Every structure is written in C-alpha cells, then in structure tokens.
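Comments concern the structure below.
Please treat every number below as a calculation from the coordinates, not as lab data. This is a predicted model, so every value here is computed, not measured. Methodologically, a virtual Cβ is constructed for each residue, glycine included, from the backbone with ideal geometry; neighbour enumeration extends over all protein chains shown.
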Amino acid sequence: MKLNLDKHYFKYSLYAFIAVAMSIIFYQLLDNLGLYFTTFRSGFNVARKILSPFIIGASIAYLLSPGVRWFEKRLYARFRFIKERPKLHRLLSVVTMYFILISSITTLILYIAPQIGNNISNIIESIPDYIVSTNKLISNWVEELESISTFNVSQQINVTISRIFTTTQDMLEDILDNLVASLLSISSGLLNAAIGLIVSFYLLMDKESFKLGSQRMLRVVFKEETVERFKSFGREVDDLFAKFIVGKSIDSFIIGVLCFIGLRIMGIRYALLISVIITVTNMIPYFGPFIGAVPATIITFFDNPVKALWLVLFILALQQFDGLILGPKILGDSVGVSPFWIIFSIVVGGKLFGVIGMFLGVPVIGIIRLVVNRFIDQQLERKNIRLQKSKVG
C-alpha cells in the first residue's frame with residue numbers, strides 16, 4: 001500500500017514542531033538563567049583574582065599615560081640630547097610620572113590618612129555623647145512645642161526620635177564596619193598593587209610594541225578596512241575615557257580642596273574627613289553630591305545641628321558652582337550623553353557592580369552610544385539615505 005504525504009501538511013507540522021521546541025528551549029534558558037549568571041559570575045571572580053595584578057597594572061598605565069605623553073611632548077622634547085634618544089626620552093617621562101604618583105601616595109599615607117583615622121576614631125568614641133546631647137536638645141524642642149500646642153505630641157515625637165536615632169546609629173556602625181573591611185581588603189591587596197606598579201612600568205615603556213602587536217593580530221583576522229575602523233573606534237573610546245576619568249578626577253580634586261577650605265573657615269569639625277567624602281562621591285555624576293552630603297550632614301549634625309544646616313547650604317552652593325561653572329570648563333561635553341541615559345547608567349551600574357559601576361557606567365553608556373551611532377550611520381550609508389547624523393541620547 002502506497003502512503004501519500006501532503007507536503008503542505010508536513011511543512012506546517014515541521015514549523016509547529018520547531019516553534020514548540022524553540023519555546024521549550026527558551027523557557028528552559030529563562031528558568032536556568034540565574035544558574036548561568038551565578039556560574040558566569042563565579043568564573044569571572046576567579047579570573048579577576050588571578051589576573052588582578054595585570055588588571056591593576058593596566059589601569060595604572062592607562063591613567064598615567066596622558067601624563068607621560070605630556071612630559072614627552074611638552075617638557076623633555078625641548079632638550080635635544082634627550083629627544084634624540086627615544087628610550088631615554090620615554091624613561092624620563094615614565095619615571096617623572098612615577099615620582100609624582102609615589103609622592104602623592106606617600107603624602108596621603110603620612111599626612112592625610114592618619115588625620116582621617118583620628119577623625120573616625122573620634123566619631124566612634126563620641127557617638128554615645130552625641131546621641132545624649134542631641135536627644136536633650138530635641139527634648140527641649142518638644143517641651144517648647146507642647147507649651148504652645150493644644151495637642152499631646154510628645155509621645156509620638158519621642159517614638160519617632162528614638163526610631164531615627166536607632167536607624168542613624170545602625171547606619172553609622174554599618175558605614176564604619178564597611179570602612180574597616182575596605183581598609184583590610186586594601187591592606188591584603190598591597191602585593192597585587194606592588195606587582196601592578198611593576199607591570200604598569202613595562203606597559204608604559206613598551207606601549208608602542210603592544211599597539212603594533214595588537215594591530216598585527218587584527219590584520220591576520222580582518223581586512224585592512226576593518227582594522228582601520230577598529231583603530232578609529234579605539235581612538236574615540238580612549239579619548240572618551242581619558243576625558244571623563246582624568247577630567248572628573250581633576251574636577252573632584254578641586255571641589256575637595258574648596259570644600260576643605262570652606263569647612264575650615266566655617267569652623268566645622270572633621271573638615272578633612274568630610275572633604276574626602278565629598279571628593280570621592282563627586283566622581284559619580286548627578287547622584288554623587290547627594291550621596292556625599294548625607295554622611296557629611298549626619299557627622300556634623302551630631303556635633304552641631306546648626307552647623308549641619310550651614311554645611312548643607314555650603315555643599316549645595318559648591319555643587320551648583322561645580323555643575324554650572326567648573327564642570328563645563330574642565331569636562332565640557334566629554335561623554336555627549338543626555339541626562340536620562342546618564343541617570344540610567346548610574347542606576348543600572350550601581351545595581352550590578354556597586355560604586356565602581358556607578359562611576360564607570362557613564363563612559364560605558366557613552367561607548368554604547370558611539371557603537372549604536374556608528375551602526376546607524378553605516379546602515380543609512382548603505383541605503384543611500386542622506387540624513388543628519390543620528391544622536392542616541
């Protein structure tokens with residue numbers, strides 16, 4: 001008996017089977033997505049620990065590279081004896097940047113770090129006294145409020161104040177515990193940092209050879225036109241990162257110095273510690289000033305509530321100066337991303353990678369914008385559509 005198969009029926013059945021199979025596979029992928037992410041994250045952490053000296057070295061070399069170029073082109077290029085000897089030219093520039101780096105770290109360790117440590121110790125020792133004195137002050141406010149009010153508000157206020165103090169004390173203890181843990185992790189990574197310094201030295205000395213080797217590898221795999229696109233894209237990414245990281249560091253340092261001077265003039269206690277907090281958090285766009293203002297205000301409030309109010313006003317004025325005058329002068333439009341995408345990158349980066357993600361999220365979203373714009377421009381060019389260049393963000 002001959003079996004007749006309907007080709008259309010067989011085709012639709014095959015499509016249906018493929019659709020059901022793909023749905024099942026997609027569901028299984030989603031169902032096990034957490035496991036895949038955990039496995040990937042564990043592998044990433046292992047690789048990061050193994051390669052951490054080289055990651056540190058590459059980061060140091062990248063941060064010092066603009067300074068090395070400046071000394072090569074602006075200072076040592078003026079001396080003919082040095083300029084005619086490329087290795088000596090590079091060595092002097094690298095050594096000069098290392099001298100500046102090591103001098104800054106030494107100053108930080110010998111002069112600034114002990115004062116910050118003393119400030120933290122004083123805060124820990126004074127927390128009970130601060131709570132008692134502030135509680136007395138608020139109790140006096142409550143009594144004065146009751147004397148002019150017909151409502152019995154003391155019980156509700158006392159409960160609220162007690163809850164606020166408990167939450168604040170817990171928050172301060174968590175901050176200090178995290179700070180101690182961070183100091184311990186920093187001390188445990190001193191060996192990696194030392195190896196990273198050595199790695200960064202050789203990277204800076206031989207950076208041209210590393211560039212040449214990378215280009216040779218790319219030319220083996222890709223066409224010359226594609227390699228040139230990679231090089232152009234790399235230059236744009238480097239320019240974006242350098243402008244943002246170096247510019248933001250200079251901007252935050254200036255803000256920290258101005259903050260320290262202003263706090264000393266106002267006679268606010270722990271001026272150095274608060275200025276360091278403002279300097280570090282100012283590296284985070286938009287949210288940084290608010291993040292830094294919270295612990296600074298809490299620390300000052302326990303010491304002097306009136307000065308805490310002046311501190312808040314001073315920080316707001318300082319950040320307005322940074323946002324309207326200083327920041328645009330130093331950074332300009334270094335990333336070229338709209339405020340919405342900057343806020344988006346900070347929130348997502350903070351959720352995924354913490355403080356580092358909040359800082360690096362901005363240049364990363366700038367790179368994504370660069371890639372998307374290039375892709376859109378290529379597609380428009382292929383279709384012979386002449387439009388104004390698309391702007392993502």
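The order of Tyr202, Tyr111, Tyr76, Tyr270, going from fewest to most other C-beta atoms within 10 Å of their C-beta, is Tyr111, Tyr202, Tyr76, Tyr270. The slack between Ile198 and Arg74, meaning 0.36 nm per residue of separation minus the straight C-alpha distance, is 42.1 nm. A simple rule links phi to the HN-Hα coupling: the Karplus curve 6.51 cos²θ - 1.76 cosθ + 1.60 with θ = phi - 60°, which for the stretch 232-240 gives 5, 5, x, 5, 5, 5, 4, 5, 5 Hz, with x for Gly and Pro. For Ser52 and Ser126, a Förster radius of 30 Å and the Cβ-Cβ distance give a FRET efficiency of 0.20, rounded to the nearest 0.05.
Sorting Val68, Val362 from the fewest to the most surrounding beta carbons within 10 angstrom yields Val68, Val362. Counting 0.36 nm for each residue step from Glu236 to Leu88 and taking away their Cα separation leaves a gain of 50.3 nm. For the stretch 244-339, the equivalent ellipsoid derived from the Cα gyration tensor has semi-axes of 25, 12, 11 Å, listed largest first.
In this label model, Ile325 and Phe375 are separated by 4.3 nm, measuring between points 7 Å along each Cα→Cβ vector. When the pairs Lys73/Lys243; Lys49/Lys231; Lys49/Lys211; Lys207/Lys329; Lys248/Lys307 are compared against a 21 Å limit on Cα-Cα distance, Lys49/Lys231; Lys49/Lys211; Lys207/Lys329; Lys248/Lys307 fall above it.
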